[in-house]
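Notes follow the structure.
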Amino acid sequence: MDMIQAVIFDMDGVLVDSEIYHFEAEKLILEKIGISIQEEEIHSFVGLAMDKMWERVKKKYHLKKSVSKLVEEDTIFRVNYFRNVGEIPPIDGVKELIEAIKTEGLKTAVASSSHPDLIKTVLEASNLLQYFPVYLSGFQVKHGKPDPDIFLETAAKLGVKPKNCIVIEDSYNGVTAAKKAGMKCIGYQNPSSGKQDISSADLIIKNFDQLNMDLLKSLCTPKI
């Protein structure tokens, strides 16, 4: 039966309003190698796998370092940066939604483009780690967002078919990946994520108070 069995959350911009920290970290990283970048271009990186981000930057700015080296340096810098941020509160309403999902006996997971160490750091800083026994990083799959690999692998780890999963995303890259995976997707319009085209999502919300279990269940219920 096509019914909801699991909810998969993106992390940055969905569970926590951390994009502002990522933007700042990216500006600092790029400044270190002599690149001044516009805010609009940084917004285009939201939800994008880090290797794909650096492929773009390397090509555009003719960088000599390899993509793998740039990713390595970025990861070290970014993890240390977030460890110094301290407590990061969850986005309003998201913790209540997760608790309602858990009460229904549904499975939950995080699927994020961030490095595994960074995912754990942020989930601990927001006191959400306890809700996610499964979290997967774009570093752990062959192709990151906007390809569907991370969502398909997360569903496999949960033991759930893609058609029985709902993804909550805030970016074009994330929504695109979720739809390619054959999953239902809720697009969260987070102003901190910049102007993101999430029009292909099955449902678009502006805050988590708009979501309840009946609405979630209806997304995976076959229309008669």
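Test LYS69 against the stated conditions and say whether it is under 30 Å from ASN164 (Cβ atoms) and out of contact with any strand residue (DSSP E or B) (no Cβ under 9 Å at 6 or more places or on another chain). Break it down into steps so the answer makes sense when it comes.
Details: under 30 Å from ASN164 (Cβ atoms): no; out of contact with any strand residue (DSSP E or B) (no Cβ under 9 Å at 6 or more places or on another chain): yes.
No: the conditions fail for LYS69.
Restricting attention to segment 115-159, and to residues there that are open to solvent by 10 Å² or more (accessible area, probe 1.4 Å) and among the β-branched types (Val, Ile, Thr), which single residue is nearest to LYS217 (Cα to Cα)? Let's see the steps before the verdict.
Step one: of segment 115-159, the residues open to solvent by 10 Å² or more (accessible area, probe 1.4 Å) are 115-117, 120-121, 124-125, 127, 129-131, 133-135, 138-143, 146-149, 152-153, 156-159.
The next check asks that each one be among the β-branched types (Val, Ile, Thr); those that pass are 121, 134, 141.
Values: THR121: 31, VAL134: 21, VAL141: 29 Å.
If we take residues in segment 115-159 being open to solvent by 10 Å² or more (accessible area, probe 1.4 Å) and among the β-branched types (Val, Ile, Thr), then VAL134 is nearest to LYS217 (Cα to Cα).
Return the only residue of GLU39, GLU24 being over 26 Å from ASP149 (Cα atoms) and touching a residue at least 60 places away in the same chain (Cβ under 8 Å). Let's see the steps before the verdict.
Values: GLU24 fails: touching a residue at least 60 places away in the same chain (Cβ under 8 Å).
Testing whether each residue is over 26 Å from ASP149 (Cα atoms) and touching a residue at least 60 places away in the same chain (Cβ under 8 Å) leaves just GLU39.
Identify, please: which residue in segment 195-212 is touching a residue at least 24 places away in the same chain (Cβ under 8 Å) and open to solvent by less than 20 Å² (accessible area, probe 1.4 Å) and is, among those, nearest to MET11 (Cα to Cα)?
Taking segment 195-212 first, the residues touching a residue at least 24 places away in the same chain (Cβ under 8 Å) are 195-198, 200-201, 207-209, 211-212.
Now drop any that are not open to solvent by less than 20 Å² (accessible area, probe 1.4 Å), which leaves 198, 201, 208, 211.
Details: ILE198: 16, ALA201: 17, PHE208: 14, LEU211: 17 Å.
The extreme case among them is PHE208.
Those residues that are aliphatic (A, V, I, L, M) and either closer than 16 Å to THR121 by Cα or assigned to a loop (DSSP other than H, G, I, E, B) (or both), I need them from segment 87-109; list them, please. Explain how you work it out, then say what you get.
Of segment 87-109, the ones aliphatic (A, V, I, L, M) are 88, 91, 94, 97-98, 100-101, 106, 109.
Residues satisfying the conditions are ILE88, ILE91, LEU106, ALA109.
So SER192 passes all but one of these: (1) open to solvent by 50 Å² or more (accessible area, probe 1.4 Å); (2) under 17 Å from VAL94 (Cβ atoms); (3) part of a helix (DSSP H, G or I). Which condition number does it fail?
Failed condition: (1).
If you take just the helices (runs of 4 or more DSSP H) that sit entirely in segment 1-86, which of them hold at least 2 residues that are closer than 19 Å to HIS143 by Cα and open to solvent by less than 30 Å² (accessible area, probe 1.4 Å)?
Numbers: elements: 19-32, 39-43, 50-61, 67-83.
Here the list reads 50-61, 67-83.
Restricting the search to segment 188-224, which residues are out of contact with any Asp or Glu (no Cβ under 6 Å at 6 or more places or on another chain) and aromatic (Phe, Trp, Tyr)?
PHE208
Would you be able to tell me the number of residues in segment 124-145 that are in contact with a His (Cβ under 9 Å, 6 or more places away or on another chain) and farther than 18 Å from MET53 by Cβ? Spell out the reasoning first.
Here is the first cut: in segment 124-145, the ones in contact with a His (Cβ under 9 Å, 6 or more places away or on another chain) are 137-139.
From what is left, the residues that are farther than 18 Å from MET53 by Cβ are none.
Selection size over segment 124-145: 0.
The values are calculated or read from the model by the stated rules, or taken from the named source; none is laboratory data. The structure presented is a predicted model; accordingly, all values stated were derived computationally and were not measured. Every residue, glycine as well, gets a Cβ built from its backbone with ideal geometry; the counts of neighbours run over all protein chains shown. Note: areas computed on protein heavy atoms with side chains; ligands, DNA, RNA excluded. Shrake-Rupley method; radii C 1.70, N 1.55, O 1.52, S 1.80 Å.
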